[in-house]
Amino acid sequence: VIATLRMTAEQIADVRPHLFREDRDEHAAVLLVGSHRTTGQVTLLARESHLLCEEDFPPGEHGYRQIAPAALARLGNRAFAQGLGLVSLHSHPGATGQVALSGDDLQGHRRVFGHLLDIVGGSPVGGIAMGTSSADGEVWLGPREIVRLDRLDVVGERSESLRARPVHGAVGAAERYDRQVRMFGAQGQAVLRGMRVAVVGVGGGGSLVVEQLAHLGVGEIVAIDFDRVAEHNLSRIVGASSRDARRGVKKVDVARRLVSRIDPSVRLTAVDGDVVDQHVAEFLMDVDFIVLASDSHMSRLVVNAVAHAYLIPAVQIGAKVDARADGSIEQIYCAIRPILPPQGCLHCAGAIDQLALQRETATEQERIAQDYLGQHSGVIDPSVITLNAVTAAAATNVLLFSAVGLGQEGLGRHQIHTPADGGWLKLRVERQEDCRWCSLAAHSQFARGDGASLPLRRVAAPLSDSRFGGPRRAWRRLLARV
Amino acid sequence: VNTTTIAAEVARALGELQEAFPGRVASEPDGLGGALVSIAAVRLPAGWPVAHSALMFVIPFNFPAIPIYPYYIAAEAAPGGALAGALQRVEWRGQSVLQLSLRHNRWRPGLDTVLGSVLQAMDWLASR
């Protein structure tokens, strides 16, 4: 089992100065963590960080310092109440390049972690020694299931991975990457190669993102789309042909063909489905980055929820041409909305429209009945590849700069481009204190991992009245009862 | 494709309603993780053709991310004359019903509750 801990850049910025102070003494913090488990992998997700004071991290009987039992009990009970695990962090101030758990650390784990597992009710517990740019630890999944920490991933505008020892990238990156390696180094190329990136919606914007990711040389692209190529898509989908339109080829299969032509060593996993469905959304939970390029607000709701529940950086893109019923153009803009802490989420930004969600959740018959004022006349908005290209490049840049460590403060801000006048607007999105997705409010799903309650559909059924063929009879029985 | 599973949040919301209206709540899975719900014997305004109706609605699979909308009552409950703005006669799930277009304009996911929503709908009906 490979164990990783994922923290936000905001959290590490809070913890690091506490752990590494001018006194060069050891200091400690405790994280309350959600978790995500798959076969062969466990990911701990930091939800709360608690900086321990001198009283909570006193000189120890068995080692130099130890977390006071009262502090462990207090925080363990808090973790249990929230269904979370607990991970302690403590500094090894002299460890700069690499760090290792000491013998005292390991003995301390064996003395305490069995009891701690009981306190937190079976959620994972762990202990990590931090160097200034390294981390070594172990995670206890059960009294006899102990796993060494592989790495600590920090997600944010400038992501980083901390390991016990630094990993040097392939010194001789392939010739095909020579020009880009000159910008972000062989280490950056190795980071890209190790990434699994989901692209949700591989139509106009998404196909361009897939193309760029393949050229960059990411390790794996997970392309998700339920749609098939039609004639009217051919002005925008990169790699699609008239033959594809005639045959109704799946968009994900066009993406697969495109990637194999650019770089056969880049793996493409094609998922023919709707990301709103649980079995499809589960593909997102194991990726390193999500690009959302589909039109629906339901997919925005889902990706925003998954990104925050599993601490996965993401970006949503859209090119919008608002047309009036008479065909005249009202406004044209391109939106690039990173989902990177510490920015507020798509919900906080007002980018998930509640009325649109209700329309998309309703059946066709319900939609017609609810549109009794005739506000949604079904006008097809225009769509142009140049607008898609602006958003695709900007989104891929957010991924690239964040992943290879070139991101700076502001990378996570939302961008609105108005191509008619060449304008760019950058927006800081404030996090709402009671947001269900990105806040730390009690009801928030932030960093809860597999314990999160997500807005996912249980079965892959078309959103039409036909889905109620069975339940319709059930509904009549129900009415008869009341 | 159908399933009898109901999302945990939907089940929690149903429990809340059953506690508030004991013996009056009936529900069926909608096949997607949500539930079709009916609350019996909801009081209607004085002067309407019938005194009570079932209040019907769907708790969608993505509740509480989105609120309940709309509500329905029996078609025979419709008051005489032209219907007010928020009331429409519609076909729903194979039958004629009266649709109550009551929207939550400031729904706060996870803070606002299904019970609060239902009580608002009942209050709206009672105050006609």
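The table below gives the values:
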{"read-out": "Shielding of B:108-114 by partner chains, average beta-carbon count, 10 Å", "value": "5"}
{"read-out": "Taking the convex hull of Cα positions in the range A:29-112, its mean projected area over all directions (nm²)", "value": "6.7 nm²"}
{"read-out": "C-alpha long axis of helix A:251-262 to longest principal axis of chain A, angle in °", "value": "70 degrees"}
{"read-out": "Dipole of the range A:83-216 [Lys/Arg +1, Asp/Glu -1 at C-beta], most positive-end residue of A:Ala164, A:Gln180, A:Gly194", "value": "A:Gln180"}
{"read-out": "Net charge over other residues, Cβ less than 14 angstrom from the Cβ of A:Phe401 (K, R count +1; D, E count -1)", "value": "-1"}
{"read-out": "Shielding by partners, peptide B:31-37 (average Cβ within 10 angstrom, other chains)", "value": "6"}
{"read-out": "Between helix A:178-193 and chain A: long-axis angle, C-alpha atoms, 0 to 90°, nearest 10", "value": "70 degrees"}
{"read-out": "Loop GluC sites (Glu not before Pro), the range A:55-164, which have at most 15 other Cβ atoms in a 10 Å radius of their Cβ (DSSP)", "value": "A:Glu61"}
{"read-out": "Local electrostatic count, A:Ser161, Cβ distance below 11 Å [Lys/Arg +1, Asp/Glu -1]", "value": "-1"}
{"read-out": "The range B:48-113: trypsin sites (Lys or Arg not before Pro) in DSSP loop, at most 15 other beta carbons within 10 Å", "value": "B:Arg103, B:Arg106"}
{"read-out": "Calculated from backbone phi, Karplus (6.51, -1.76, 1.60) coupling profile of the range A:338-349 in Hz, x at Gly/Pro", "value": "x, 10, 10, x, x, 5, x, 8, 4, 5, 4, 7"}
{"read-out": "Where N is the number of residues in the protein assembly as shown, Cα Rg divided by 2.2 N^0.38 Å", "value": "1.06"}
{"read-out": "Order of A:Thr96, A:Thr361 under a 10 Å beta carbon neighbour criterion, fewest first", "value": "A:Thr96, A:Thr361"}
{"read-out": "Farthest toward positive dipole pole in the range A:267-420 [+1 Lys/Arg, -1 Asp/Glu at C-beta], among A:Ser296, A:Ser328, A:Gly344", "value": "A:Gly344"}
{"read-out": "The range A:358-428: trypsin sites (Lys or Arg not before Pro) in DSSP loop, at most 16 other beta carbons within 10 Å", "value": "A:Arg428"}
{"read-out": "Tail beyond 19 Å, pair distance distribution of the range A:173-311 (Cα, percent)", "value": "50 percent"}
{"read-out": "HN-Hα J in Hz across the range B:112-121 - Karplus 6.51, -1.76, 1.60, θ = phi - 60°, x for Gly and Pro", "value": "6, 10, 5, 5, x, 5, 5, 5, 5, 5"}
{"read-out": "Exercise: per-residue mean of other protein chain Cβ atoms within 10 Å, A:101-107", "value": "0"}
{"read-out": "Relative exposure of A:Val147, B:Val97, judged by other C-beta atoms within 10 Å (fewest first)", "value": "A:Val147, B:Val97"}
{"read-out": "Angle between chain B longest axis and helix B:8-20 axis [Cα atoms, degrees, rounded to 10]", "value": "50 degrees"}
{"read-out": "Calculated from backbone phi, Karplus (6.51, -1.76, 1.60) coupling profile of the range A:110-124 in Hz, x at Gly/Pro", "value": "5, 6, 10, 5, x, 5, 5, 4, 5, 4, 7, x, x, 5, x"}
{"read-out": "Ranked list, fewest to most other Cβ atoms within 10 Å of each Cβ, for A:Cys438, A:Cys348", "value": "A:Cys348, A:Cys438"}
{"read-out": "Scattering profile of the range A:266-307 at q = 0.17, 0.18, 0.22 Å⁻¹ [log10 I(q)/I(0), Debye over alpha-carbon scatterers]", "value": "-0.44, -0.49, -0.74"}
{"read-out": "Partners for A:Lys426 among lysines (Cα-Cα distance below 29 Å; same-chain residues under 8 apart left out)", "value": "A:Lys320"}
{"read-out": "Semi-axis lengths (Å, descending) of the ellipsoid that matches the C-alpha gyration tensor of the range A:383-434", "value": "22, 17, 10"}
{"read-out": "Environment charge of A:Leu427, counting only residues whose C-beta is closer than 12 Å and scoring Lys/Arg +1, Asp/Glu -1", "value": "+3"}
{"read-out": "Cα centre as origin, Lys/Arg/Asp/Glu Cβ charges: the range A:200-344 dipole, Debye", "value": "400 debye"}
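Values in this text are rule-based calculations from the coordinates and carry no lab data. If you're wondering where the values come from, they're calculated on a predicted model, not measured in any experiment. Because the Cβ atoms are built from the backbone with ideal geometry, glycine has one as well, and the counts that use them run over all protein chains shown.
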